[in-house]
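Below: the structure, in structure tokens.
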Amino acid sequence: MATGSLNMFEVANDDVRIRFSCLSASDRISRAMKNMRIGEDDSRLQAEFSSTQADVRFRFDGEEQSGSVTREAVFFENTSYPTLIEAQSGVSNLKLWFSNSPRERSLSADGNLLYGAVSFGNQVGKADICLSYDKDKRHQTLRFTTEVLSYKMDYRSDMKSIIRDIEQEYSMLSFAFMRETYLNFRTQQGQSTDLIWWQIFRACYQDILNACRQIIQAPRHRLHPEVRYERAERLRMLTPDMENEYANFRNEPNHLYRTTELCHTNDTVENRFLKFVMNELLSRFLVVSGHIRNTSRSTRLETELREMEENLQRIVRHPFFRNIEQFRGFAQDSLVMKRANGYRTVYQKWIELLCGYELEEGVNQLETKDISALYEIWCFLKVKNIVEDILGEKAEARYRGKKLTPQFVRDLSWGTQSEVTFVRTEDGVELASVMYNAPVEEDEARAESAIRGTTSFTTNQRPDIVLRLTKRQRDIQYTFLFDAKYRIDDERKDGQDVPPTDAINQMHRYRDAIYYVDRENNKPKREVIGGYVLFPGNYTKEEYEQSYYHQSAEKVGIGAFPLRPAHESGEGDLLLAPADSEQALRKQIEAWLRSKRMLSELYKKSIPQHGLSYENPDAVVLVNYATAAKRSVMERAGLCYLRTGEDKGAIEMTRDAVSARYVLLHNGKGGTLYKLKGKGPRFWSKADLEKKGFADLGHDYYLVYEFDTSKSAEYPNLPSLARGKQTTSPWFATWEVLMERK
């Protein structure tokens, strides 16, 4: 393959010529080689160019070829191709179409010239390009088929892997109606939906029509015994029974004799089946065509549907079927249906229409959604499946709301309609949830957002994937966001693929824009622990561990994970190798799920979440019981004192006693948290404390903690504040342990 040499691609016949400028082909092929780590001669960079019209010729930079050609790809996703269409004299009404899209390509006209730029956007796969025109009062076309490649992944394997994964959980979610590219499919046993039925029916419609006409002109018939009653003079022959009957009634000239004669009839089981099939096809077609008309307003498509309906109606109402009875099934195998011309075709196409599909090369075509949309859905399913696999039998997956909307072309619902929660089987505690496209509404009278308990005070936010991990004993959820981007930045860092800069910036915006509102003090607090971009980067394990955005995820909770379909690559250390495609992401989610001290670890790595997690979870708290009178004096003086020494109830000078940073004054049910001043406690004498207003002191020296009365927080309900059975004994605990007791 001569990489980078192609600048012009032309398709022509004797009447018209289409010229595509391919100045960016060199860059796209070079990028594809880097992203897929392949050589320039790899077949994954080749595409097929073919046409069913004998007079169509291809020209690659002046090198002319005809027939079916396989060579380096011309068309890539998200690439603009300047296009010039030239016509000979006498040619008019030029129109350019892609595949089955009802939308004509918008090009400027100048006499017999059309010019402009065309792009396939995020659509990859096979594309039928058609130029229609009029010549000599006849409508004619120039058609050819080629492939639109992705320069980020190998669409022949990666895209099919993505579609297979999606279809396993959400049937028909991958497909769209009237797109500009398509993939080939093979039929297999299964239930056919309207969209599949239409695509297969459209491909075999003409064959069925021709087969029906052939059968009607020369149908298979059979000998059928026909009973008649005749007078004696009209009988051709007499059986022994009839001779006896004649002897008894020879004197009665009006007596009728029963006879049986073999006649040809079209009322066969095969023709009954044909009648049944055509009526079923017409009935299904009327339903599906109604869906199509609601989906598309194309006049060209409307003309096609009307013509198909008229032809089907004409066949069903044909006089041939008037004397054919209702089909009641085949009593045995019919050789006529398997071998006879016409019947064999109808039978085969009927079986195809009853079957589903399989993603392999075949005769049928289904249009797929943009690969960027498929990649986003696939990433959501990957995150969900990773969580499900890690939890295993420990938790049960529960789906909320509807999985799909009941439309002709299906979409995955947003927010709570797509949420999957994982509930612990033993006690029903929610451990995790994964949500797709969860909208967070701006604060308007506290509108409830898809992410429960959150709001946005500025503009609405909608992250692609939301992962929430629950610590029910603290009633706190840790929220992580993922954005799936089917893009790779043009600028590489340290020679490696990186996600687009705007995607990373979006994660920063999500973390700053989505808030949790504390219902007690009505204060907004940050909700999101971390935000991560999922993108089709290509890394080895070692490269990713040293990558730029892996390190940023460790430091600030914002980063990126490479995620792409797994397939045989021949290089076991690649992340895209089997069992390694989700390795980095799986390792991180597993660490979050199985961490027993998540709060402490997250505090060290990122900005913590709402509620008590604003305080350092490792900070030591002095938990001290105080009566109302004693507490009043302590708060007025800003001092908390403890007995020291070896007496019962005295505090020991442990490491916790020295490193305490907070004091919680409580009455056994609830209390107030204060931040301590200074670097630690001091020893005070009894006289010093009495000067501060304290009385009834029974010891000479005390351990005194000074706290800031302006920095406090009320916790009216703390069920377990005792150390063992002693409610009034002072004790030390870290903030995390104290809240776990809550």
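The values are calculated or read from the model by the stated rules, or taken from the named source; none is laboratory data. Remember, it's a predicted structure, so these values are computed and weren't measured experimentally. Cβ coordinates were reconstructed from backbone atoms using ideal geometry, including for glycine residues, and neighbour counts include every protein chain displayed.
Within this structure, residue 591 passes the test of being at pLDDT 80 or above and part of a helix (DSSP H, G or I). Can you confirm whether residue 349 is within 37 Å of the chain's Cα centre (by Cα), surrounded by 11 or more Cβ atoms within 10 Å (Cβ to Cβ), basic (Lys, Arg) and part of a helix (DSSP H, G or I)? Yes; evaluated as a whole, the condition is true for this residue. Taking into account only those residues within the range 512-524 that are at pLDDT 70 or above and either touching a Phe, Trp or Tyr at 6+ places or on another chain (Cβ under 8 Å) or of a type outside the set (Asp, Glu) (or both), which is surrounded by the most Cβ atoms within 10 Å (Cβ to Cβ)? The qualifying residue surrounded by the most Cβ atoms within 10 Å (Cβ to Cβ) is 514.
Within the range 218-268, the set of residues being in a strand (DSSP E or B), under 60 Å from the mean Cα position of the chain (by Cα) and of a type in the set (Ser, Thr, Tyr) comprises just one member, 265. In the range 299-323, the qualifying residues are those that are under 20 Å from residue 267 (Cβ atoms) and at pLDDT 90 or above, and the one that is surrounded by the fewest Cβ atoms within 10 Å (Cβ to Cβ) is 319. Of the residues 599, 576, 664, which single one is crowded, with 21+ Cβ neighbours inside 10 Å and either touching a strand residue (DSSP E or B) at 6+ places or on another chain (Cβ under 6 Å) or at pLDDT 80 or above (or both)? Of the residues listed, the single one that is crowded, with 21+ Cβ neighbours inside 10 Å and either touching a strand residue (DSSP E or B) at 6+ places or on another chain (Cβ under 6 Å) or at pLDDT 80 or above (or both) is 664. For the range 668-686, taking the residues that are assigned to a loop (DSSP other than H, G, I, E, B) and over 53 Å from the mean Cα position of the chain (by Cα), the one that is surrounded by the most Cβ atoms within 10 Å (Cβ to Cβ) is identified as 681.
Among the residues making up the range 35-59, those that are surrounded by 13 or more Cβ atoms within 10 Å (Cβ to Cβ) and in contact with an Asp or Glu (Cβ under 8 Å, 6 or more places away or on another chain) are 35, 36, 37, 44, 45, 46, 47, 48, 57, 58, 59. Where strands (runs of 3 or more DSSP E) sit wholly within the range 107-215, those with at least 3 residues that are over 30 Å from residue 499 (Cβ atoms) and not acidic (Asp, Glu) occupy 113-118, 125-135, 138-149. List the pairs whose first member sits in the range 314-330 and is among the charged types (D, E, K, R), whose second member is modelled with pLDDT under 90, and whose Cβ atoms are under 7 Å apart, counting only residues at least 6 apart or on separate chains? Close Cβ pairs satisfying both conditions: 325/267.
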